[in-house]
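Trainee: The structure follows.
The values are calculated or read from the model by the stated rules, or taken from the named source; none is laboratory data. The shown structure was predicted, so the numbers you read here are calculated from the model rather than taken from an experiment. Because the Cβ atoms are built from the backbone with ideal geometry, glycine has one as well, and the counts that use them run over all protein chains shown. Quick note on the areas: whole protein, heavy atoms, side chains included, nothing else; ligands and nucleic acids left out. Shrake-Rupley method; radii C 1.70, N 1.55, O 1.52, S 1.80 Å.
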Amino acid sequence: MDVVHRPLAAANLDLPWPQEPHLALWQAYTVLREHRGDGHLTALHAAGLDACEAQVSFAAVGAAPAENFAGRGWSDEEWAAARDRLAARGLIDGEGTATAAGRALRDQVERMTDELAAAPWRALGEAGAERLAELNRPLLGAVFESGLLPAVNTLGIGKIQAPA
């Protein structure tokens, strides 16, 4: 796997791989997750969003209520300043909701993230990727059915709404 310009993926790929199959699978998932995450940071930077603006804009598209992002460490002043910068660019309205331009920018970020994350899946090929998905469906189902994941999260899983 190419991890050039992907420091978190590279660091996790370089760790010793466990012998236990479930731990090796966890390590592989971690490398893939960080590969995608490193690409996401690149996409956010390319879109001209700083770290706080990235969070504010994600809340603005309905990923989660703004208060759910409080644990990310931004002060009220930093959050308000990021909102002001995004509003000045026409990306959010006075209520902190994404405008059409703001939604388009977030869509651009997600498309670029997907493109930057595609290489490992291309390497597997269509049949290999489908087989991996087939093997993982029961695990994913068990995770969601466990109730241990928060229903509202800052990843936007299941929460992004289409524009009205």
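Trainee: Could you list, ordered by first residue, the pairs with Cβ atoms under 8 Å in which the first is in the stretch 9-38 and under 18 Å from A117 (Cα atoms) and the second is surrounded by 13 or more Cβ atoms within 10 Å (Cβ to Cβ) and of a type in the set (K, R), at least 6 apart or interchain?
Mentor: Qualifying pairs under 8 Å: E34/R6; H35/R6; D38/R6.
Trainee: Scan the stretch 69-81 and give yes if some residue there is more than 22 Å from R6 (Cβ to Cβ), crowded, with 16+ Cβ neighbours inside 10 Å and at pLDDT below 85, otherwise no.
Mentor: There is at least one residue in the stretch 69-81 that is more than 22 Å from R6 (Cβ to Cβ), crowded, with 16+ Cβ neighbours inside 10 Å and at pLDDT below 85.
Trainee: Follow-up. Inspect the stretch 88-96 for any residue being touching a residue at least 60 places away in the same chain (Cβ under 8 Å) and part of a helix (DSSP H, G or I) and give the result as yes or no. Give the steps one after another, and end with the answer.
Mentor: Here is the first cut: in the stretch 88-96, the ones touching a residue at least 60 places away in the same chain (Cβ under 8 Å) are none.
No, there is no match, as no residue in the stretch 88-96 is touching a residue at least 60 places away in the same chain (Cβ under 8 Å) and part of a helix (DSSP H, G or I).
Trainee: Please work out if A70 is under 23 Å from P150 (Cα atoms) and either in a loop (DSSP other than H, G, I, E, B) or in contact (Cβ under 8 Å) with a residue 40 or more places away in the chain (or both). Working first, answer last.
Mentor: Working: under 23 Å from P150 (Cα atoms): yes; either in a loop (DSSP other than H, G, I, E, B) or in contact (Cβ under 8 Å) with a residue 40 or more places away in the chain (or both): no.
When the stated conditions are applied, A70 does not pass them.
Trainee: Give me the residue from the stretch 5-23 that is under 19 Å from the mean Cα position of the chain (by Cα) and open to solvent by 80 Å² or more (accessible area, probe 1.4 Å) and, out of that set, nearest to R33 (Cα to Cα).
Mentor: First, the residues of the stretch 5-23 that are under 19 Å from the mean Cα position of the chain (by Cα): 5-12.
Within this subset, residues satisfying the condition of being open to solvent by 80 Å² or more (accessible area, probe 1.4 Å) are 5, 7-8.
Values: H5: 15, P7: 12, L8: 9 Å.
If we take residues in the stretch 5-23 being under 19 Å from the mean Cα position of the chain (by Cα) and open to solvent by 80 Å² or more (accessible area, probe 1.4 Å), then L8 is nearest to R33 (Cα to Cα).
Trainee: Which numbered condition in (1) outside any helix (DSSP H, G or I); (2) of a type in the set (A, V, I, L, M); (3) surrounded by fewer than 16 Cβ atoms within 10 Å (Cβ to Cβ) is the only one that A101 fails?
Mentor: Here A101 clears every test but (1).
Trainee: Considering only residues that are over 14 Å from the mean Cα position of the chain (by Cα) and assigned to a helix (DSSP H, G or I), look in the stretch 32-55 and name the one that is nearest to A123 (Cα to Cα).
Mentor: A46
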